[in-house]
1. With a bin width of 20 angstrom, please list the P(r) values of the chain as percents of all Cα-Cα pairs, from the 0 bin to the one holding the largest distance.
2. With everything on Cα atoms, drop me the angle between helix 203-219 and the longest principal axis of the chain, reported from 0 to 90° to the nearest 10.
3. Taking every pair of alpha-carbon atoms in region 78-211, give the share separated by more than 17 Å as a whole percent.
4. Rounding to the nearest 20 debye, state how big the charge dipole of the chain is about its Cα centre with +1 on each Lys and Arg Cβ and -1 on each Asp and Glu Cβ.
5. Determine the percent antiparallel among the DSSP beta bridges restricted to region 280-474, to the nearest 5.
6. Using a basic spin-label model with each label point 7 Å from the Cα along Cα→Cβ, how many nm lie between Asn54 and Asn467?
7. Name the GluC sites (Glu not before Pro) in region 81-159 that are in a loop by DSSP and that have at most 15 other C-beta atoms within 10 Å, would you?
8. Counting heavy atoms of the protein chains only and a 1.4 Å probe, report the per residue accessible area for region 71-123 as a whole number of Å².
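The values are calculated or read from the model by the stated rules, or taken from the named source; none is laboratory data. Because the structure is predicted, anything quoted here is derived from the model rather than measured. Cβ: placed from backbone, ideal geometry, glycine included. Neighbour counts: every protein chain shown. Only protein heavy atoms, including side chains, enter the accessible area calculation; ligands, DNA and RNA are left aside. Shrake-Rupley method; radii C 1.70, N 1.55, O 1.52, S 1.80 Å.
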Amino acid sequence: MKQTIDQLPLTKTIEDVLQQLGIKDLNPTYSTGLVWGGKENRNTKAIHSPADGNKIASVNMATPEDYEQVISTAQEAFKSWRKTPAPKRGEVVRQIGDKLREYKEPLGKLVSYEMGKILQEGLGEVQEMIDICDFAVGLSRQLHGYTMHSERPQHRMYEQYHPLGIVGVISAFNFPVAVWSWNTMLAAVCGDVVVWKPSEKTPLTALACQHIIREVLVNNELPEGIFNLIIGDAEIGSLMSHDGRVPLVSATGSTRMGKKVGEAVGARLGKSLLELGGNNAIILTENADLEMALRAIVFGAVGTCGQRCTSTRRLIIHENIYEQVKERLLKVYPNLPIGHPLSSTTLVGPLIDKEAVKAFQQALERVQAEGGTLLTGGEVLEGEGFESGNYVKPAIVEAKNEYETVQEETFAPILYLIKYSGDVENAIELQNGVRQGLSSAIFSSNLLETEAFLSHWGSDCGIANVNIGTSGAEIGGAFGGEKDTGGGRESGSDAWRVYMRRQTNTINYSRELPLAQGIRFDIMD
Ligand code: NAD
């Protein structure tokens with residue numbers, strides 16, 4: 001299938017995009033927390049676009065010595081940043097939001113080209129960054145605690161929140177910039193400084209963000225160590241997890257990674273915020289509006305080529321509508337426009353790399369060996385427009401929930417159709433019957449079914465939607481999931497509290513010293 005890269009009004013080539021974003025030097029020398037290390041004796045990593053396989057750049061990987069330097073720069077910057085009033089910190093974040101508006105198009109394109117998601121989603125990711133900046137600006141004027149009445153006369157009691165220090169952010173390839181901004185903009189208004197270790201698969205978008213932020217810091221005569229970037233592999237992430245100078249590590253990625261980070265941070269009694277894998281399901285009851293549901297299912301299952309933590313992986317369908325739903329999906333799937341992510345006609349881009357393609361194929365083999373039936377898709381696409389070898393046809397498989405392959409998250413576009421009978425509680429049991437607990441959804445116009453799904457015996461996930469699919473969360477709500485998803489919450493609502501330490505203060509404005517609980521402790525003199 002021939003794909004043309006059209007609708008690129010600003011730029012025609014990725015070099016232009018990089019230049020627009022200020023990335024002239026891909027291996028920059030360390031300078032006050034801006035990026036990592038010098039040029040000598042470093043491992044470099046070639047970055048290939050999953051879209052066409054072309055080498056975009058090669059970047060230096062940080063060493064443990066670089067890490068030390070970044071941490072000490074961040075520690076230094078924290079001393080002044082924590083003393084800056086929160087609304088003034090918010091003003092800096094407001095300016096970052098403005099800069100992101102300015103750079104939305106080239107940054108969205110770079111996200112699309114480096115990660116492989118379609119341009120619409122690349123732009124959407126940058127919009128999400130802008131949204132969280134706006135949210136954080138408002139938040140900077142409402143970092144509040146409670147006041148409580150004291151049991152002692154003429155005493156006052158209240159609690160307040162203070163900055164933590166360095167927040168380590170480890171991010172995944174699939175949301176190369178949005179997840180970082182969720183953490184960073186909140187942490188920044190809370191008075192923390194951030195050290196970001198992006199996925200080694202998507203360092204260019206991280207570099208671009210750092211350049212954008214740098215403009216704001218320079219304009220405000222602020223030290224660069226407030227927002228730090230260190231590009232490295234798992235080893236750098238591991239250093240951060242074990243480092244007592246990093247009181248909070250926010251890690252997004254696979255459950256396998258989260259268990260290692262959680263264990264290391266827990267062993268030193270630090271705080272971790274874990275955003276890990278999902279195995280998300282949509283329940284379709286007999287009372288579902290199928291027109292609406294089908295759009296949500298397809299977007300959820302094949303959007304971002306199945307590489308969202310909230311991608312729809314399981315479809316739990318009532319037996320009375322099962323055949324109808326299957327038939328409808330089998331009409332849509334063969335015609336999905338698969339191709340270059342920057343083409344305006346594409347809805348499904350490539351997988352991130354060859355390993356992901358292999359994992360997709362292996363999962364399909366395994367589930368069939370367990371008894372599943374492959375109904376459509378599963379091929380790796382070849383030929384013109386697919387030279388990178390990362391393009392696959394999204395698959396639909398009839399399966400049982402208890403199959404080990406269905407129980408796992410395969411980060412690829414595989415949708416498992418699972419039949420249920422009887423009432424909605426049976427569907428909910430299947431939906432909850434996996435180790436992960438990120439996102440879930442029900443399509444039904446029956447109040448009894450939707451309320452059961454939302455009740456405390458309903459969905460066990462961090463996100464439970466009614467007549468909306470599993471993917472595409474807004475920044476205003478707290479985002480995250482339970483069980484193997486890690487239990488963390490970030491983004492909206494009161495997620496900011498995790499970036500601060502809580503302190504309870506009691507003030508005595510009497511001339512007595514009464515003790516709590518009426519305890520008497522008189523010193524005889
Ligand atoms: P990954 O686990 O391979 O890597 C994620 C990050 O962790 C990378 O920066 C990597 O270098 C780092 N890392 C790996 N091992 C580490 C270790 N031992 N110590 C410290 N850091 C380490 O994940 P990925 O392939 O980049 O992303 C896909 C996964 O991320 C999927 O499971 C997806 O569901 C999950 N994800 C979850 C959310 C969420 O909010 N719940 C959001 C996006 C992605």
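1. With 20 Å bins starting at 0, P(r) equals 22, 51, 23, 4, 0.
2. 40
3. Working: 5505 of 8911 pairs.
Looking at region 78-211, the distances longer than 17 Å represent 62 percent of pairs.
4. So the magnitude is around 1200 debye.
5. Numbers: 4 of 27 bridges.
Percentage antiparallel, nearest 5: 15.
6. 4.6
7. Within region 81-159, the qualifying GluC sites (Glu not before Pro) (loop, at most 15 other Cβ atoms within 10 Å) are Glu151.
8. Computed with neighbouring chains in place, this is 39 Å² per residue.
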